[in-house]
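The values are calculated or read from the model by the stated rules, or taken from the named source; none is laboratory data. Computed from a prediction, not measured in an experiment: that's the story for all the values here. Just the protein is used for accessible areas: all its heavy atoms, side chains included, with ligands, DNA and RNA removed. Shrake-Rupley method; radii C 1.70, N 1.55, O 1.52, S 1.80 Å.
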Amino acid sequence: IGVGLVGFGLFFLLFGILLYFDSVLLAFGNLLFLSGLVFIIGFRRTFTFFFQRPKLKGTSFFFGGLVVVLMRWPILGMLLEVYGFISLFR
């Protein structure tokens, strides 16, 4: 179930970007991706990954970008999410 949710989340993110940053598709893709991640590695491990002290800056930008996309500012939200994603995984 988790791999399917992550796959559909990535598909909707890509499709949302190809359709000139459609905010509904991007928001749906983000939510599917995060829920798939929870199904794959578990709630506790996901929570501990995102909320470690050295990764709080990346986490705040990533979730802040998600909130901005949900408020229908997709380009700014995706930029914030990309910066947060890079900060989380460097």
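Among the helices (runs of 4 or more DSSP H) confined to the range 1-81, the ones with at least 3 residues that are within 10 Å of the chain's Cα centre (by Cα) are located at 2-18, 23-41, 56-70. Out of the range 43-61, which residues are open to solvent by less than 40 Å² (accessible area, probe 1.4 Å) and at pLDDT below 95? Passing the criteria: THR46, PHE50.
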